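The block underneath contains the structure these notes are about, expressed in structure tokens.
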């Protein structure tokens, strides 16, 4: 680890683990801002994005949810995204190597969904 800088503005290089931790926090913030993913799990190279747990939630009746479904059905295959219908619906994406890739995917979802709103 190298530490560079001067007394007025010290610079330091953060370890990769810390950067990955920050990427995880950013990913959670994005998911929360989007409002439709309650839980995200990146295990091995598979990203699971869980929708709102309560099946009676107004979210499932909203235009936002319709836009998400439309995005997954029209553009999902190009991006390798699929929807698994289960008691707790979730969006799946394979070949996500790290949290930075997951964040980029959520940004892409956000842009497409907002563009159709």
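Please treat every number below as a calculation from the coordinates, not as lab data. Quantities reported herein were computed from a predicted structural model and do not represent experimental measurements. Using ideal geometry, Cβ is built from the backbone for each residue, glycine included, and neighbour counts are taken over all protein chains shown.
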Q.
Counting only helical runs of four or more DSSP H residues, what would the 222 nm mean residue ellipticity of the chain come to if each run contributes -39,500 (n - 2.57) and the total is spread over all its residues?
A. -14500 deg cm²/dmol
Q) Taking the Cα-to-Cβ direction at residue 23 and at residue 115 and moving 7 Å from each Cα, how far apart do the two end points lie in nm? A) 2.4 nm
Q: With label points built 7 Å along Cα→Cβ from the Cα atoms of residue 101 and residue 75, find their separation and express it in nm.
A: 1.9 nm
**Q.** Percent RCO, i.e. relative contact order, over the chain, from Cα pairs under 8 Å lying at least 6 residues apart
**A.** 27 percent
**Q.** Cα extents of region 21-85 along the three principal axes, largest first (Å)
**A.** 34, 26, 18
Q. What is the spread of the Cα atoms of the chain along each of their three principal axes, largest first, in whole Å?
A. 56, 28, 26
Q) Can you give the angle from 0 to 90° between the axis of helix 99-116 and the longest principal axis of the chain, with both taken from C-alpha atoms, to the nearest 10? A) 40 degrees
Q.
Using only the alpha-carbon atoms, how far is helix 63-74 inclined from the longest principal axis of the chain? Give it as 0 to 90 degrees, nearest 10.
A. 90 degrees
